[in-house]
Amino acid sequence: MAPLKNNVRLKGRLKRYMQTSLYLGFLLVAVNLLVYLLSIPAGLVVTGFVLVYFAVVVFLQLYNRPVIMNELVSFATQYGQVQKALLREFEIPYAMLDDEGHIIWTNQAFERVVHKEKGYKKSITSLFPSITKEKLPGEQEFTETDIIFENSNYTAKMRKISMRDMMESSDILEAGNYNGYLIAFYLFDETALKIALQEVDDQSLAVGLIYLDNYDEALESVEEVRRSLLTALIERKINKYIAALDGICKKTEKDKYMIVLRKKATQVLRESKFDLLDDVKTVNIGNEMAVTISIGVGLNGLTYAQNYEFARNAIDLALGRGGDQAVVKTPENVTYYGGKSQQVEKNTRVKARVKAQALREILTAKEKVLIMGHRYADVDSFGAAVGIYRIATTLDRKAYIVLNDISTSLQPMVDLFKSHEEYREDMIIGSQQAVELAGSNTALVVVDVNKPSITECPELLRLCRSIVVLDHHRQGTEIIENATLSYVEAYASSACEMVSEILQYIGQSIRITAEEADCMYSGIMIDTSNFMTKTGVRTFEAAAFLRRNGADVTRVRKLFRENANEYKTKADAVSQAEIYRKSFAISTCTSEGIQSPTIVGAQAANELLNIKGVKASFVLTEYQSQIFVSARSIDEVNVQVIMERMGGGGHLSAAGCQLTDVSIFEGIGVLKGTLDKMIAEGDLEID
């Protein structure tokens, strides 16, 4: 230790402190010289004092310096040991890693957490699999991630410590171009915090709305003296169910309820898949029609008002999708439950009359009217557009139908209007022309679709301020939100049926030509599979209205005769069908030599429903680098929810989706995997 002490030199404040006595001695020497100028005897006395002072200072410097240096070295050594001991006994789990994530050193707290002895040198990933090499600090100086270890929640914080500076000050290592680093790894136990936050979150309020879908129709099916009993039983069942969840239920109208629940209770509802939907159906006191309800729940909003707005949006989605289902809306997503029954057709036409008057007011306020349906327009989409075209022209407004691609099935209909001298040459235009015509003085009418991304020209939705939506498909998560007028009725068989009703209530005596009547009649006929599916009283009434205005069944049938190649392709798709899980018919449809293979695929899916035991059919068609899936059912399976799982949508009995970046065989695998998952989760029931 002695050589080290002798070679150690002081610096800074301590050095200046030790040299202060010498500086004072030099000051005394200067004073002594001044005293000599005044008095030699006095100067001699001071000289004696100065000599004694220097003798004492030199003695103290020689005597105390080794003692001070010894104490300093001892303190530094002990301080390093204390630091090391403190770091080892540090309460926060701490470890040092190399730049590859291998453990170099750990403290006791870390060893207690991971149950490893001192000297554990394996990769940090072996202890925490979620901490991969990509999560270690590379270019970043600091990273953190949440991990779960042995039912505890931790936040792992990692900081990069450069080794270059330490190597540059080293006497035995040369830094060179070395840029290595160590990683300081800290674990912060946040289990208690997470539990507390979860408890607060569970106690947050969720708002819900419950609507009785068919209240009036159900009451009409029971004797008048027993109607109050039916209402009381339904109300009691709803109140009892909500009370069991520690919630509040308040009746706001004769067929509407508002509920307030804790968020934790909504999780119970989700796990039970909102079995209240089925419980209410069991109420029966002689009513011929079972009562169904729709539920909309909003949660995770920033305020109670936002949760209520989410609940309103959710109940609108539930009703727009046909009712008898629950919808949960959060800021991130929308989740659907139920929806396994067909919506009951409403006999009253009051809503159609009100919507017709509103449509008239919107169209008369604009100079031009643009009408568009969905991409790859079918007969129903075009027929509904023709009906709106007739309304607009009767109101002396210039109308244009936006249509880009014309399929073989639609071509005969389009030719009827292009070859007829009564119709303008620019009656049918493309998207580019439509964009040029769009503006503040243009009304946009969207028919047979309420999903903006699959409209014929989505850009028009942004360019036009007055937007009208007329559709019969069930609403999904993606809807046209800025519509001035929205008339979406899931119980309608087709968009042509809805437009036919509007034509009767628009307020003027509208003359429909035979070509227009044929076109709209064809739309109803195609969407109902020749009046076999989803056909109600109002469907036949709409068809009768069109027949009175010149629709000819024979002429329509001739228009839709198939060519030989399409008929053979459809037959091949039917013959090659695989019956999956004894309930689902799955087949493929070729697109070679077929102008509109997706339509042929849809027709093949309809044909497969004629096989005994088939509850739903799926036909996959490869077209334009995508896989188009056509799904059909009669009434046993809701194909809409299946297609929604695959990114599509549609009706309870007719739906579809489009798959990208997959082959047709991979698409079949995706479909089968979706069916298997939904069956396992209880969302699909098969015998």
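The values are calculated or read from the model by the stated rules, or taken from the named source; none is laboratory data. Please read all numbers here as calculations on a predicted model, not as lab measurements. Cβ coordinates were reconstructed from backbone atoms using ideal geometry, including for glycine residues, and neighbour counts include every protein chain displayed.
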List, please: which pairs have Cβ atoms under 6 Å, are six or more places apart or on different chains, and start with a residue in region 178-202 that is over 15 Å from PHE149 (Cβ atoms) and end with one that is assigned to a helix (DSSP H, G or I) and modelled with pLDDT of 85 or more? ASP202/LYS263; ASP202/LYS264
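What number of residues within region 76-101 are aromatic (Phe, Trp, Tyr), surrounded by 11 or more Cβ atoms within 10 Å (Cβ to Cβ) and at pLDDT below 80?
Going residue by residue through region 76-101, those that are aromatic (Phe, Trp, Tyr) are 79, 90, 94.
Okay, now just the ones that are also surrounded by 11 or more Cβ atoms within 10 Å (Cβ to Cβ), so 90, 94.
Cutting the leftovers down to at pLDDT below 80 gives us 90.
Qualifying residue count for the region: 1.
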Pull up region 637-651, narrow it to residues that are surrounded by 24 or more Cβ atoms within 10 Å (Cβ to Cβ) and part of a loop (DSSP other than H, G, I, E, B), then point me to the one that is modelled with the lowest pLDDT. HIS651
Taking ILE238, is it among the β-branched types (Val, Ile, Thr), in a strand (DSSP E or B), within 36 Å of the chain's Cα centre (by Cα) and surrounded by 14 or more Cβ atoms within 10 Å (Cβ to Cβ)? no
Which of (1) modelled with pLDDT of 90 or more; (2) surrounded by fewer than 16 Cβ atoms within 10 Å (Cβ to Cβ); (3) closer than 24 Å to GLY323 by Cα does GLU436 not meet, given it meets every other one? (3)
Does any residue of region 378-398 turn out to be touching a His at 6+ places or on another chain (Cβ under 7 Å) and in a loop (DSSP other than H, G, I, E, B)? no
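Only residues that are among the acidic types (Asp, Glu) and in a helix (DSSP H, G or I): list them for region 356-377, please. Working first, answer last.
Looking only at region 356-377, we keep the residues that are among the acidic types (Asp, Glu), and these are 361, 367.
If the condition is that a residue be among the acidic types (Asp, Glu) and in a helix (DSSP H, G or I), then GLU361 is the only one that fits.
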Please identify the pairs in which a residue from region 132-145 that is assigned by TED's automatic domain parsing to the domain that holds LYS157 has its Cβ atom under 9 Å from the Cβ atom of a residue that is assigned to a strand (DSSP E or B) and among the polar types (S, T, N, Q), counting only partners at least 6 apart or on another chain. LYS133/SER123; LYS135/THR143; LYS135/THR145; LEU136/THR143; PRO137/THR143; GLU144/THR155; THR145/THR155
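Restricting to strands (runs of 3 or more DSSP E) lying wholly in region 418-492: which have 3 or more residues that are among the hydrophobic types (A, V, I, L, M, F, W, C) and within 17 Å of GLU367 (Cα to Cα)? Full working, then the answer.
Working: elements: 442-447, 466-471, 485-488.
By residue number, 442-447.
Given the residues ALA602, ALA542, which is the only one that is in the same structural domain as PHE382 (by TED's automatic domain parsing), buried (at least 17 other Cβ atoms within 10 Å of the Cβ) and either at positive phi or assigned to a helix (DSSP H, G or I) (or both)?
Working: ALA602 fails: in the same structural domain as PHE382 (by TED's automatic domain parsing).
On inspection, the qualifying residue turns out to be ALA542.
Listed here are the residues, each with its yes/no results for (1) out of contact with any strand residue (DSSP E or B) (no Cβ under 6 Å at 6 or more places or on another chain); (2) among the β-branched types (Val, Ile, Thr); (3) assigned by TED's automatic domain parsing to the domain that holds GLU481; (4) closer than 27 Å to ARG226 by Cα.
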{"position": "LYS264", "(1), (2), (3), (4)": "yes, no, no, no"}
{"position": "GLN267", "(1), (2), (3), (4)": "yes, no, no, no"}
{"position": "LEU277", "(1), (2), (3), (4)": "no, no, no, yes"}
{"position": "THR292", "(1), (2), (3), (4)": "yes, yes, no, yes"}
{"position": "ASN300", "(1), (2), (3), (4)": "yes, no, no, no"}
{"position": "ALA305", "(1), (2), (3), (4)": "yes, no, no, no"}
{"position": "TYR308", "(1), (2), (3), (4)": "no, no, no, no"}
{"position": "GLY323", "(1), (2), (3), (4)": "no, no, no, yes"}
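Can you find even one residue in region 614-635 that is assigned to a helix (DSSP H, G or I), of a type outside the set (Lys, Arg) and buried (at least 21 other Cβ atoms within 10 Å of the Cβ)?
From region 614-635, those assigned to a helix (DSSP H, G or I) are none; that's our starting set.
No, because not a single residue in region 614-635 is assigned to a helix (DSSP H, G or I), of a type outside the set (Lys, Arg) and buried (at least 21 other Cβ atoms within 10 Å of the Cβ).
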Could you list, in sequence order, all residues of region 123-144 that are under 16 Å from TYR186 (Cβ atoms) and touching a Lys or Arg at 6+ places or on another chain (Cβ under 9 Å)? LEU127, LEU136, PRO137, GLN140, GLU141, PHE142, THR143, GLU144
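Let me confirm something: among GLY593, GLY550, which residue is in contact with a helix residue (DSSP H, G or I) (Cβ under 7 Å, 6 or more places away or on another chain), assigned by TED's automatic domain parsing to the domain that holds GLU636 and surrounded by fewer than 19 Cβ atoms within 10 Å (Cβ to Cβ)? Full working, then the answer.
Numbers: GLY550 fails: assigned by TED's automatic domain parsing to the domain that holds GLU636.
So the residue among GLY593, GLY550 that is in contact with a helix residue (DSSP H, G or I) (Cβ under 7 Å, 6 or more places away or on another chain), assigned by TED's automatic domain parsing to the domain that holds GLU636 and surrounded by fewer than 19 Cβ atoms within 10 Å (Cβ to Cβ) is GLY593.
Answer yes if at least one residue in region 242-249 is among the hydrophobic types (A, V, I, L, M, F, W, C), part of a helix (DSSP H, G or I) and over 20 Å from GLN203 (Cβ atoms), and no otherwise.
No, every residue in region 242-249 fails to be among the hydrophobic types (A, V, I, L, M, F, W, C), part of a helix (DSSP H, G or I) and over 20 Å from GLN203 (Cβ atoms).
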Which numbered condition in (1) in contact (Cβ under 8 Å) with a residue 24 or more places away in the chain; (2) touching a helix residue (DSSP H, G or I) at 6+ places or on another chain (Cβ under 9 Å); (3) assigned to a helix (DSSP H, G or I); (4) more than 23 Å from ILE391 (Cβ to Cβ) is the only one that ILE586 fails? (3)
Somewhere in region 273-296, is a residue at pLDDT 85 or above, buried (at least 24 other Cβ atoms within 10 Å of the Cβ) and under 18 Å from the mean Cα position of the chain (by Cα)? yes
Can we say GLY323 is out of contact with any His (no Cβ under 7 Å at 6 or more places or on another chain), in contact (Cβ under 8 Å) with a residue 12 or more places away in the chain, surrounded by 22 or more Cβ atoms within 10 Å (Cβ to Cβ) and assigned to a loop (DSSP other than H, G, I, E, B)? yes
